[in-house]
Ligand SMILES: Nc1ncnc2c1ncn2[C@@H]1O[C@H](COP(=O)(O)OP(=O)(O)O)[C@@H](O)[C@H]1O
Ligand SMILES: [Mg+2]
C-alpha cells in the first residue's frame, strides 16, 4: 500500500534508474506488481449458448463466456484486477482446459476473479506515472511470484505458495493447474523485526540487521549459520547500545526465542486459512515459501512442523541470463513480472502460465515458427 506518494515515487525512480544503468536499456513502461490486504479473490462462473458455425466453439464464444463469468456484483470502490479461467464445461463434460474447436451447445466457464481496492490501485499507478513511467498493467504480485517459482507439476498436484513479505503474507493456492484461492494475511517480516526491536529496546533498523544476520526460527538450524553471515551455532550477537549505553552481547538462541513464536503465529494463520478452504483433495505439491521472509533460517523446517506437509523454499526457476544474485526468494515477484510482461508483449519466453489466459494470444504463422525456434534455441 502506498502511504507516502513522494517517497514511493522517489524509490520507483531510483529503482528504474538503477535497472536502466545495469541493463543498458531505456525503460518507458513498466509492469507493476500489486499486493496487500485489499486484494480479494472469488470463484465465479458464467454460461453462454454456443453460436459458432456448426456449434463449434470459437474464440468469440470463449470471450463471451468469460465476460459472463466476470459479471458479478462488486462494491463500487473495488476494481477487477484479473479474471483467470480455471476450467470449462461443454454441455455435460467437465474439467476441460481449452474448449476451442470443441463441439457443444452450452459453454460454461469457471473462473477466479481477483479484485482490489480502486484507490490503492490508483495511488500505485499515480506514483509510477509521476516518476515518469507508464504502467502497462497491474499484476497481482503473488501470481507473479508463483509464475517464477512454481513448477507445472506442483500446480497440477495442488500447491500453496506462501509469499512472506514485509507487511503482509500472501497465500496463493493452486489446484489442478489453476489458481483456486488468494488470501492476504496482515502480518509479515516487519512484525518479526518489530518484536526484536521492542524486546531488545533497539531501533527498527538495527533489529532488521540482527534478524538478517543472526535470525533463525528453528533450533537445530542454529548450527548452520545464516547465509552470508560469519555467525555459527549459538554465537553471541552484538546488540548496539542505545542512549550512550554500551553494546551488549546476546546469544543467538535468545533471538530465536523472540523470532520463533511470531513465525509460528504467521504460519498458524496461514494454516487456519487453508483449513477454511475445505479442499476436496490433499495438496500433493505441498508448501512453497517465497518472498524475503523465506530467507529466514529455519523457516522451511518450522513450516514443515506446522503444516505437516513437504515444504521447500522457492527461488526463481531458470530464466536465461539471470545473474546468480537474483536467484533468491526476495526477487520471486520481480522475476515473475518480467516473465509476465515478456509473455504479454508476445515475445519469446519460457511459458509457466497456469492454463489459458484470455490476454495471452498465441503468435501465429511465421511468427510462431520463429518464436518456437527462439524458444528452442535460447530457453
Ligand atoms: N535474509 C533474511 N532473513 C530474514 N528475513 C529477511 C531476509 N531478507 C529479507 N527479509 C525480510 O523479508 C521482508 C521483505 O520481503 P519482500 O518480499 O521483499 O517484501 P514485499 O514483497 O512485502 O515488498 C522484510 O520483512 C525483511 O526483513
Ligand atoms: Mg515480496
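Annotations
- Note on the chain: helix-only mean residue ellipticity at 222 nm, from DSSP H runs of 4+ residues weighted -39500 (n - 2.57) and normalised by residue number, equals -12000 deg cm²/dmol.
- Helix 189-200 vs. the chain, principal-axis angle (Cα, 0 to 90°, nearest 10): 10 degrees
- Of 301, 82, 26, the one that fluctuates the most in a GNM where the chain has Cα springs shorter than 10 Å: 26
- Region 311-326 versus region 124-148: alpha-carbon centroid distance in Å: 21 Å
- What the Cβ-Cβ distance of residue 91 and residue 71 gives, at R0 = 25 Å and to the nearest 0.05, is a FRET efficiency of 0.70.
- The chain: relative contact order in percent, alpha carbon pairs under 8 Å with at least 6 residues between: 17 percent
- Taking 0.36 nm per residue of separation and subtracting the Cα-Cα distance, full extension of the segment from residue 234 to residue 44 would add 63.2 nm.
- Of the residues 255, 89, the one with the fewest other Cβ atoms within 10 Å heads the list, and the complete ranking is 89, 255.
- Degrees, to the nearest 10: 332-344 long Cα axis against longest axis of the chain: 20 degrees
- Here the label points at residue 308 and residue 37, each 7 Å from Cα along the C-beta direction, are separated by 3.1 nm in the simple model.
- Relative contact order of region 154-205, pairs being alpha-carbon contacts under 8 Å that are 6 or more residues apart, as %: 29 percent
- DSSP bridge orientation in the chain - percent antiparallel, rounded to nearest 5: 75 percent
- For peptides 140-147, 339-346, 279-286, 292-299, sequence by mean Cβ density within 10 Å, most packed first: 140-147, 292-299, 339-346, 279-286
- The label point for residue 322 and the one for residue 190, both projected 7 Å from the Cα toward the Cβ, are 2.6 nm apart.
- Note on residue 11/residue 198: beta-carbon distance plugged into 1/(1 + (r/R0)^6) with R0 of 25 Å gives a FRET efficiency of 0.45.
- Principal semi-axes in Å for region 158-257 [√(5λ), Cα gyration tensor, largest first]: 33, 17, 9
- Counted residue by residue at 0.36 nm each, then reduced by the alpha carbon distance between them, the extension gain from residue 277 to residue 106 reaches 58.6 nm.
- Taking 0.36 nm per residue of separation and subtracting the current Cα-Cα distance, fully stretching the chain between residue 254 and residue 136 would add 37.8 nm.
- When you restrict to C-alpha pairs under 8 Å that are six or more residues apart and normalise by the size of region 55-180, the relative contact order lands at 22 percent.
- Peptides ranked, highest mean first, by Cβ atoms within 10 Å: ranges 187-199, 123-135: 187-199, 123-135
- Between helix 118-130 and the chain there is an angle of about 80 degrees, using the helix long axis and the longest principal axis of the Cα atoms.
- The distance linking region 33-58 with region 266-303 is 28 Å (Cα centroid to Cα centroid, whole angstrom).
- Modelled spin labels at residue 220 and residue 51, positioned 7 Å past Cα toward Cβ, are 6.3 nm from each other.
Taken together, the values in this text are just the output of simple stated rules run on the coordinates, not laboratory data. Quick caveat, the model's predicted, so the values are computed rather than measured. As a convention, Cβ positions derive from the backbone with ideal geometry for all residues, glycine included, and neighbour counts pool all protein chains shown.
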